[in-house]
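As structure tokens, the structure follows; a few thoughts come after it.
The values are calculated or read from the model by the stated rules, or taken from the named source; none is laboratory data. Just so it is clear, the model here is predicted, and its values are computed rather than measured. Because the Cβ atoms are built from the backbone with ideal geometry, glycine has one as well, and the counts that use them run over all protein chains shown.
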Amino acid sequence: MQKPIINQEEEKREILRRYRGLLRVCHRSKSRSERAKIRKAFELAVEAHKDMRRKSGEPYIYHPLAVAKICAEELGLGTTAIVCALLHDTVEDTDITLDDIETLFGKKERTIIDGLTKISGVSDYSNTSDQAENFRKMLLTLSDDVRVILIKLADRLHNMRTLDHMLREKQLKIASETLFLYAPLAHRLGLYNIKTELEDLSLKFKNPEDYDDIVNRLQKTQAVRTRFINAFTLPIRRELDKQHLKYEIKSRTKSVYSIWNKIHKKGVPFEEIYDVFAIRIILNSGPESEKADCWRVYSIVTDFYQPSPERLRDWISIPKSSGYESLHTTVMSPTGKWVEVQIRSERMDEMAEKGYAAHWKYKEGPETPESKMDRWLEQVREVLESPSENAIEFIDNFKLSLFSEEIYVFTPEGDLKTLPVGSTTLDFAFHIHSQIGYHCIGAKVNYKLVPLSHKLRSGDQVEILTSKKQRPKEDWLSIVVTPSARQKIKIALKEEKKQIAEEGKEMLKRRFHNLKINWHSSNIDELVRYYETYSALELYYRIAKGSIDLKKMKGFQMEGGKIFFEKNLPVQNLSEQKIVTTAPAKGETLLIGDEKQKVDYSLAPCCNPIPGDEVFGFITVNEGIKIHRTSCPNAQELMSKYAYRVIKARWSNKELVQFEVGLKFSGIDDVGLVQKITNIISTDMNVNMKAISFEANNGIFQGRVIVLVHDTNHLSALIDQLKAVEGVLTVDRIESEFA
């Protein structure tokens, strides 16, 4: 390929144009010294990245400039964050060191850029991954500066906006990681616009056909929505003007990802999604009157339109812990459609748009949204600072802290406590204090005795009952849902395990003494391998518990105080393990890996891939290579947490081989409908059936069938034929195995 001709003078002018564009949105960096600091960071970044280019062929400096602009314009961050955004890749990708950053800019900038710099060569591939370790490192800086997370989100957002130039498998991994971790994190920090864009872009690259279909549907219905919104808001505008309220009315279309989620996860057709858009009324009210004004507007809206009592959401009286404040109601329009109306002040709207990044403007007393966010960050720090977890466990625990829904419960004294939906009385006990959690035996909820596993609901009043004899138990881990409670239980159990292990250690020492075996680390390691306990602590623990009987320890040889077992069972790292696979059926051909090799594999039962599906390979620990669809329910987690085990795979099958696929369908029950469906499957399409079931209830039927098809084209033709049957409303592929 011929290299493109680069016009350096034109590029220099473009870099300066983008830099001036950045300065125009740096609203919090107005002083001469702040502008000089940004200029110094810009010049350093330009020089450091001068020989680097992005996958698109553009100068690399375009990326840090774009990230800095997102920080300034979309997050409202100040000089320090903009400087760090400009320099966020310099330590990782150039000769500039953290010491250089500290010398030129200061300790704060060093800390933030260190948090943004990936760890190189960290992976122990037996139990962790680069992504998990780097994400953990980044989050550990929460205890120092939350701007690390905000800049990283800006970095991820720009990478997602420019993902077109990456290879397909790279797009899938980055999009999966974004959906799994970064979008929920943005949501938890109140960055709803960024969260929405990250989700939509992830869907665009993971499921491009579904994404394009929804975008086209939204575009086709745009004019109808606009006319409806104008007619719906007209009487509300007239009354607001009459009452001399200063306001702005906007309409917000539901995100593509949210619509896709409803269609695919809840089985709701596009035409039946009532909240495709919402009306947002934003009031220009001062802090002293904004709450009362919001309720005034609520009264006006409900004077014109009947509200649904179940759909009132009052996040003004009790804001979300992310700081989100708004009044939501869903009302019935004259055309018979439900419409969501959101009412908030300009201050609340800015908080909703920029989340934690906007809180610096509104520090007002002890119970501000910022203090609520700080309490959440404090809970997250408890998870982050645990020394005992590997990175994968850490990611799982951190995910638990990204709850979007919350409940509000009260102590016996009437103090309000915020917990995630699904929290139990045991979660509440640990939320009050660690010692109360350790000794909790039950609770009284609304004056009634309940067990530890009782799930709390908003409005409950909870009194915890304790006993000095109570100790944390292993099964408590399945009761709690909050990461802080889970962490405290794990620490207590590990401490107890250590004490028991000390007894086992003494027992082993006595046995070694009797057998004249040296007490040496190499001998301990030999026993760890032989008994497959993976650690000395586990070995001692099992000895103390009696699951390893030292009297039956035999089959070893000894030389000079060192022991060797004849049948040694060494523990292997994943990278050393041989792949043991199920042989593929005759005719199945998959090209796997960069070399497009034909190797043994098995098809994952969680998504049942067939030729024509977009797929990837996943190297399991014990079952060799499993082939998954990229739309598999587990794909997001596998690509996010274990990307180093993911390998390329694509179908190259020319023979007609049959694959099992499950279909589910529903519709209006009618005489002869089952016969029509089975005739189409067996006679018209010549498709074999392995299993079929139907059930009808109150005139509605639902059915499931396992059919044998050759590929996705064969399957699509069958689905089209079934949808054409009168009375059949939906036909969908079942993601997991037929049950």
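Brief remarks on what is shown
- Qualifying residue in the range 218-229 (condition: under 20 Å from Leu327 (Cα atoms) and buried (at least 16 other Cβ atoms within 10 Å of the Cβ)): yes
- The listed residue being of a type outside the set (Phe, Trp, Tyr) and within 24 Å of Ala724 (Cα to Cα), out of Ile647, Ile627, Ile610, Ile619: Ile610
- Of all residues making up the range 15-68, the number that are in contact with a Cys (Cβ under 9 Å, 6 or more places away or on another chain) and of a type in the set (D, E, K, R): 2
- Boolean, Val339 is touching a residue at least 60 places away in the same chain (Cβ under 8 Å), assigned by TED's automatic domain parsing to the domain that holds Leu245, assigned to a helix (DSSP H, G or I) and more than 26 Å from the chain's Cα centre (by Cα): no
- When the range 89-117 is filtered for residues that are within 13 Å of Ala45 (Cα to Cα), surrounded by 23 or more Cβ atoms within 10 Å (Cβ to Cβ) and out of contact with any Ser or Thr (no Cβ under 8 Å at 6 or more places or on another chain), the ones remaining, listed by number, are Asp89, Thr90.
- Residue within the range 302-310 that is of a type outside the set (S, T, N, Q), assigned to a loop (DSSP other than H, G, I, E, B), outside the structural domain of Leu191 (by TED's automatic domain parsing) and exposed (fewer than 13 other Cβ atoms within 10 Å of the Cβ) present: no
- Within the range 536-571, the set of residues being aliphatic (A, V, I, L, M), at pLDDT 75 or above and farther than 16 Å from Phe512 by Cβ comprises Leu537 only.
- When residues of the range 235-256 are limited to those that are touching a helix residue (DSSP H, G or I) at 6+ places or on another chain (Cβ under 8 Å) and closer than 30 Å to Asp210 by Cα, the one surrounded by the most Cβ atoms within 10 Å (Cβ to Cβ): Val256
- The criterion of at least 2 residues that are surrounded by 20 or more Cβ atoms within 10 Å (Cβ to Cβ) is met by the following strands (runs of 3 or more DSSP E) wholly inside the range 406-493: 440-445, 462-466.
- Filtering the range 336-361 to residues that are of a type in the set (Ser, Thr, Tyr) and modelled with pLDDT of 85 or more leaves only Ser345.
- Some residue of the range 650-673 being assigned to a helix (DSSP H, G or I) and over 30 Å from Tyr182 (Cα atoms): yes
- Breaking point among (1) within 26 Å of Lys354 (Cβ to Cβ); (2) assigned to a helix (DSSP H, G or I); (3) without any contact (Cβ under 8 Å) to a residue 40 or more places away in the chain; (4) not acidic (Asp, Glu), for Arg13: (1)
- For the range 263-286, the tally of residues that are in a helix (DSSP H, G or I) and either out of contact with any Asp or Glu (no Cβ under 9 Å at 6 or more places or on another chain) or of a type in the set (Val, Ile, Thr) (or both) stands at 4.
- Taking the numbered list (1) touching a residue at least 60 places away in the same chain (Cβ under 8 Å); (2) touching a helix residue (DSSP H, G or I) at 6+ places or on another chain (Cβ under 6 Å); (3) farther than 30 Å from Tyr182 by Cα in turn, Met685 passes all entries but (1).
- Looking only at the range 699-733, and only at residues there that are in a helix (DSSP H, G or I) and among the β-branched types (Val, Ile, Thr), the one that is nearest to Gln675 (Cα to Cα): Ile719
- Test: residue in the range 28-45 that is among the acidic types (Asp, Glu) and more than 28 Å from the chain's Cα centre (by Cα): yes
- A search for C-beta distances below 6 Å between a residue of the range 437-454 that is farther than 17 Å from Leu477 by Cβ and free of Cβ contacts under 8 Å to residues at least 60 places away in the same chain and any residue that is buried (at least 19 other Cβ atoms within 10 Å of the Cβ) and of a type in the set (A, V, I, L, M, F, W, C), counting only pairs 6+ apart in sequence or on different chains, returns Ala443/Val462; Ala443/Ile464; Val445/Val462; Val450/Ala443.
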